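Here's the structure, in structure tokens; my notes come after.
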Amino acid sequence: MSILCERVRAFSRWHLEGPLLQLLLRRRYEGLLARLSHWRIPADLLGPESICYCAGVGEDLAFEVGLLKQFDSTVYAFDPTPRAIRFAEDRMRNAEKFHFSPVGLWSEDATLRFYAPTNDQYVSHSVLRAGMSGEYFEAPCRRLATLMKERGHGRIDLLKLNIEGAEYEVLRSMMADHLRPKILAFTFEGASAFVEAIRWTRMLSCYGYQFAGLVGWAATFVLDEPLEACRGVSP
């Protein structure tokens with residue numbers, strides 16, 4: 001019965017909710033978009049001077065490699081998962097503008113438990129226990145503002161989040177710290193992804209971001225309004 005329920009939920013998520021969300025979220029950004037892995041990224045907003053933070057690598061670096069090859073941007077990737085660490089160190093050993101750190105991204109500086117998936121073939125772990133197995137490892141996590149301070153960055157041009165449900169916590173802390181990357185690329189996660197997608201699109205719009213595109217559940221937002229226009233927006 002549980003397997004059937006999971007299949008019904010998966011079908012609803014990808015074949016009913018996903019297409020409906022495409023109709024409801026109207027694209028506001030009118031610039032040219034380039035396809036990078038699961039996301040559509042503004043092609044005219046990145047270049048050799050751009051600083052990109054990518055949280056959540058797993059065993060797929062197509063997005064990060066695309067940033068390096070298409071835009072010659074500097075990429076900082078973060079993932080504390082042991083398999084992801086081995087994968088990144090092996091595949092990106094000689095990439096000059098790629099920097100990898102085995103830490104997680106969260107809403108505070110802390111050591112957290114990362115729970116393993118129920119299928120041991122999957123690489124992605126999560127700080128959220130729902131739907132995961134009881135096995136875990138512990139790893140350091142950092143607030144976005146801390147990562148930027150540690151690296152001497154006063155701004156970043158792109159923030160990608162693919163972190164198994166922790167996206168919303170990071171976005172809330174980003175807004176609380178008044179940080180505004182030019183581009184946000186993240187996935188809507190969880191059982192309430194449809195509702196969260198609508199809620200976060202509205203919230204980010206109030207914070208000065210235009211909705212730029214959606215591929216599956218991978219969304220892109222582009223900074224549009226000056227910071228002064230968004231004073232008082234509560235994450």
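The values are calculated or read from the model by the stated rules, or taken from the named source; none is laboratory data. Everything quoted here is computed from the prediction, not taken from an experiment. Neighbour counts are summed over all protein chains in view; Cβ atoms, including those assigned to glycine, are modelled from backbone coordinates with ideal geometry.
Considering only the range 204-216, I want to know if a residue exists there that is under 19 Å from Ser126 (Cβ atoms) and not small (Gly, Ala, Ser). Checked against the condition, which is being under 19 Å from Ser126 (Cβ atoms) and not small (Gly, Ala, Ser), the range 204-216 yields no hits at all. Candidates Ile156, Ile85: the one that is over 25 Å from Ala219 (Cβ atoms) and among the β-branched types (Val, Ile, Thr) is Ile85.
Just need a number here: residues in the range 32-73 that are crowded, with 20+ Cβ neighbours inside 10 Å and without any contact (Cβ under 8 Å) to a residue 24 or more places away in the chain. Qualifying residue count, the range 32-73: 0.
For Glu96, state whether it is modelled with pLDDT under 95, crowded, with 17+ Cβ neighbours inside 10 Å and either small (Gly, Ala, Ser) or within 20 Å of Ala62 (Cα to Cα) (or both). Outline the logic, then answer.
Values: modelled with pLDDT under 95: yes; crowded, with 17+ Cβ neighbours inside 10 Å: no; either small (Gly, Ala, Ser) or within 20 Å of Ala62 (Cα to Cα) (or both): yes.
When the stated conditions are applied, Glu96 does not pass them.
Can you name every residue in the range 74-93 that is buried (at least 22 other Cβ atoms within 10 Å of the Cβ), farther than 19 Å from His153 by Cβ and of a type in the set (Val, Ile, Thr)? Passing the criteria: only Thr81.
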